[in-house]
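The numbers here are math on the coordinates, done by the rules we state, and not lab data. Note that the coordinates shown come from a computational prediction; the quantities given were computed from them, not determined experimentally. For neighbour counting, all protein chains shown are included, and Cβ atoms are generated from backbone atoms with ideal geometry for every residue, glycine included.
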Amino acid sequence: MKKWIDITQPLSKEIATWPGDIPYQFNLSATKAQTGSVNIGQVTMGVHTGTHVDAPYHFDDEGEKTHDLDVNTYIGKAILIDVSKYDLIDIEVLEKYDLQEVKRVLLKTDPQRNSAVFPKDYTVLHPDVGPYLKKKGIMLIGIDAPSVDPVDSKSLHAHHALSNNGIYILENLLLNDVEAGLYELIALPLKLVGADGSPVRAVIRPME
């Protein structure tokens, strides 16, 4: 049986965070020497640090929160496509790929993605992909960029277009060394009550 491939950005003090967001930090709040039995750690971070899902509540006050998300959305057959030669992903780009018989699409936009550096520029999605992906029966879009919209966007047109068409969002995947093809995907969000997103441990396994 083929092994699972980890496509999660490592969470460490070196990881890049969204400009202005809370830096990732792990500390021991108590050591084994202090407790006599165990080390106890604590984590400080924004929920959109590293590989994560966006709950619709992130950009819509009436949208689903993280604890509302259906775990089945984040488990199942996915197609990974290499779109690194394009600066913008729109219908014209996606029409070049066979998206039949899958419900999840993963986009490799930058084979040299460095998770320690927040990119000055990155590939984003055109809002027209929302209706197109719905027509194709897609429920989840994943991308190796920090967002499906530009860093300075306030309107978040791609986020809304995807959500309005029933498509959920997975961001900041680590796909540098992964080839295009069909995979099984597991990328489960934590059940954070009331949250607008969640870090995930994303893994894929090539389909037999």
## Note on the structure
For GLU179 and GLU95, extending 7 Å from Cα along the Cα-Cβ vector and measuring point to point gives, in nm, a value of 3.0 nm
### Task
Please build a GNM for the chain, connecting alpha carbons under 10 Å apart, and tell me which residue among GLN25, GLN34, GLN100 fluctuates the most.
GLN34
### Query
Considering amide H positions built from the backbone, and no H for Pro or chain starts, which residues 5 or more places from GLU64, or on another chain, come under 5 Å of its amide H?
TYR57
### Query
So how long is each side of the chain along the principal axes, counting just the alpha-carbon atoms, biggest first, in Å?
60, 44, 33
#### Entry: Exposure proxy ranking, count of Cβ atoms within 10 Å, fewest first, for GLU171, GLU184, GLU101, GLU62
GLU62, GLU101, GLU184, GLU171
### Per-residue HN-Hα couplings for the stretch 90-106 [Karplus 6.51, -1.76, 1.60; θ = phi - 60°; Hz; x = Gly/Pro]
10, 4, 4, 6, 5, 5, 7, 10, 7, 9, 6, 6, 10, 10, 9, 10, 10
### Query
What order do you get for MET139, MET1, MET207 when you list them from fewest to most C-beta neighbours inside 10 Å?
MET1, MET207, MET139
### Task
Can you tell me the dipole magnitude for the chain around its Cα centre, using point charges on the Cβ only (Lys, Arg +1; Asp, Glu -1), in Debye to the nearest 20?
740 debye
## Note on the structure
The answer for SER115, listing residues at least 5 apart or on another chain whose modeled amide H is closer than 5 Å to its amide H, is none
### Query
Separation between the LEU190 and SER155 pseudo-spin-labels, each 7 Å from Cα along Cα→Cβ, expressed in nm?
3.5 nm
### Task
Arrange ASP21, ASP54, ASP61 by Cβ neighbour counts within 10 Å, fewest through most, would you?
ASP61, ASP21, ASP54
### Query
Exactly which trypsin sites (Lys or Arg not before Pro) in the stretch 126-208 are in a DSSP loop and have at most 10 other Cβ atoms within 10 Å?
LYS154
### Query
Quick one: if you stick a label point 7 Å off each Cα along the C-beta vector at THR17 and ILE75, how many nm between them?
3.2 nm
### Summary
In nanometres, the difference between 0.36 nm per residue of separation and the alpha-carbon distance of LEU88 and ASP121 is 10.8 nm
### Query
Can you count the Lys pairs in the stretch 23-108 whose Cα atoms are under 22 Å apart, with each pair 8 or more apart or on different chains?
7
